1. (1) surrounded by fewer than 17 Cβ atoms within 10 Å (Cβ to Cβ); (2) over 26 Å from P131 (Cβ atoms); (3) without any contact (Cβ under 8 Å) to a residue 40 or more places away in the chain: which one isn't true of A38, the others all being true?
2. Kindly indicate the residue of the range 44-73 that is among the small types (G, A, S) and not in a loop (DSSP other than H, G, I, E, B) and also nearest to E3 (Cα to Cα) among those meeting that condition.
3. Step by step: first the residues of the range 41-69, then only those that are closer than 27 Å to I103 by Cβ and among the basic types (K, R), then the one that is surrounded by the most Cβ atoms within 10 Å (Cβ to Cβ). Which residue is that?
4. Can you tell me which residue among K55, K8, K34 is under 15 Å from the mean Cα position of the chain (by Cα) and modelled with pLDDT of 95 or more?
5. Does D129 satisfy the criteria of being surrounded by fewer than 16 Cβ atoms within 10 Å (Cβ to Cβ), modelled with pLDDT under 95, more than 15 Å from T9 (Cα to Cα) and charged (D, E, K, R)?
6. Does any residue of the range 107-124 turn out to be under 24 Å from I5 (Cβ atoms), modelled with pLDDT of 95 or more and of a type in the set (S, T, N, Q)?
7. So if I check each of K120, K136, which one is loosely packed, with under 12 Cβ neighbours inside 10 Å and either among the aliphatic types (A, V, I, L, M) or touching a helix residue (DSSP H, G or I) at 6+ places or on another chain (Cβ under 9 Å) (or both)?
Amino acid sequence: MMEQIQYKTELPQIDQYFELFESTGWNQEYNLNKEELAVSIKNSYFSVCAYVGSKLVGFGRFVSDGILHAMIYEMIVFPEYQGKNIGSQILKMLLNKCFELNIRDIQLFCAKGKRNFYEKHGFAARPDDGPGMEYKGLR
C-alpha cells in the first residue's frame, strides 16, 4: 500500500524542488541553478506540492494577474509516482484556485506526450493557426 499523499500550498524546500525539476530533463535546456529556480517559484501566484511523508513527489504552479490570465507551469510528478492520481489532484487544486478567483483565461504549457492528460481535465490544444508564440531568437 502506498503512503498517504499530503498536498500543501506552501513553497517547497529548494533542494527537494531542484531534484524534482531535474527529474524532467528540462534543465538541460534552461540550465538553472537552485537560486534561480527558487526565485522563479517564489514569483508564482499559487502553487501546490505533493508529499509522501517528507519527500516532495509532485509540484504545480501558476503565474497570474489574478483576474484575467493564469498560466500553469511546472506540472511535475516523479516518474515512480506517476499514474497515482497525484498530477490530477495538483491540477484540480490549481484550477479550483483559478475558479475561486474567477480568472477568465487559463492556459498551460503541455510537456511532450502529456496532451491526453490535460484533455481529460478540460484543456484543448490550440489550433495550428491559433494565437501564441514563443521567442526563439538570439539572446
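1. Against the list (1) surrounded by fewer than 17 Cβ atoms within 10 Å (Cβ to Cβ); (2) over 26 Å from P131 (Cβ atoms); (3) without any contact (Cβ under 8 Å) to a residue 40 or more places away in the chain, A38 comes up short only on (1).
2. Step one: filter the range 44-73 for residues among the small types (G, A, S), giving 44, 47, 50, 53-54, 58, 60, 64, 66, 70.
Among the residues that remain, those that are also not in a loop (DSSP other than H, G, I, E, B) are: 47, 50, 58, 60, 64, 70.
Working: S47: 22, A50: 12, G58: 14, G60: 20, S64: 33, A70: 32 Å.
Across the range 44-73, the extreme among qualifying residues is A50.
3. R61
4. Values: K55 fails: under 15 Å from the mean Cα position of the chain (by Cα); K34 fails: under 15 Å from the mean Cα position of the chain (by Cα).
Checking each option against the conditions leaves just K8.
5. Values: surrounded by fewer than 16 Cβ atoms within 10 Å (Cβ to Cβ): yes; modelled with pLDDT under 95: yes; more than 15 Å from T9 (Cα to Cα): yes; charged (D, E, K, R): yes.
Yes; evaluated as a whole, the condition is true for this residue.
6. Within the range 107-124, none of the residues are under 24 Å from I5 (Cβ atoms), modelled with pLDDT of 95 or more and of a type in the set (S, T, N, Q).
7. Only one candidate passes the filter, namely K120.
The values are calculated or read from the model by the stated rules, or taken from the named source; none is laboratory data. What you see is a predicted model, and the numbers here were worked out from it, not measured in a lab. FYI the Cβ positions are ideal-geometry reconstructions off the backbone, even for glycines, and counts take in every protein chain you see.
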